[in-house]
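The values are calculated or read from the model by the stated rules, or taken from the named source; none is laboratory data. All of these numbers come straight from a predicted model, not from anything done at the bench. Glycine gets a Cβ as well: all are built from the backbone with ideal geometry, and neighbour counts include every protein chain shown. Note: accessible area is taken over every heavy atom of the protein model, side chains too, but ligands, DNA and RNA are not part of it. Shrake-Rupley method; radii C 1.70, N 1.55, O 1.52, S 1.80 Å.
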Amino acid sequence: MGASDAAIIAASLEEPVCFAQIFDRHADAVRRFAIARVGVSGGEDLASEVFRIAFERRSSFDGQAASALPWLYGIALNLVRREMRGRARSYAAIERFGGRRELSGIGNPDIGDQIDARAELLELREALAALTTDESEVLLLVAWEQLSPTDAAAVLGIPAETARTRLHRARQRIRKHPGAQPADGEVATDATG
């Protein structure tokens, strides 16, 4: 097994080129995280920005952390929030001016599947919108990024027990949502810590 993330980041303070190992280890996960939240085009740029910021702030990395991934996700989450605020302002401006986009794909042989998928997406969006921001952040980190609640807590800078509580509340609220479907499985749990 190679050096720990903490050791690599510490070494990169003297030899900056060492930080490339952190990129090699975690770029795919950070890219997936970003793309899942802001789309492919914005996600690629956002992932690059995460590593630029991480490199600049590497001296502030907690040397006791087992992995740099929660730290990188925390940086990414802050960038996603900034991006979403910008998008919300843009969407509001479009609505003010009455901008409408026509649905494409009419006549596509898979239109029934598209309609079903769209309906499910709308139900999911509605269920997620019913959550508090705190609840949805923990839920998405655990469900989409496959982080443990403890790692999600590290990303969000909150105690692990707080993350577990928010995750529990989010799951309960999603299950109680009128459009909820019975789940085939559960998202990751982290009962031991």
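Checking each residue in the range 1-31 for being open to solvent by 40 Å² or more (accessible area, probe 1.4 Å), in contact with a helix residue (DSSP H, G or I) (Cβ under 8 Å, 6 or more places away or on another chain) and closer than 25 Å to Ser136 by Cβ picks out only Arg31.
Among the residues making up the range 138-154, a single one is modelled with pLDDT under 85 and within 15 Å of Arg81 (Cβ to Cβ): Leu140. Counting only residues that are over 10 Å from the mean Cα position of the chain (by Cα), open to solvent by less than 30 Å² (accessible area, probe 1.4 Å) and of a type in the set (D, E, K, R), the range 135-161 holds 1 of them.
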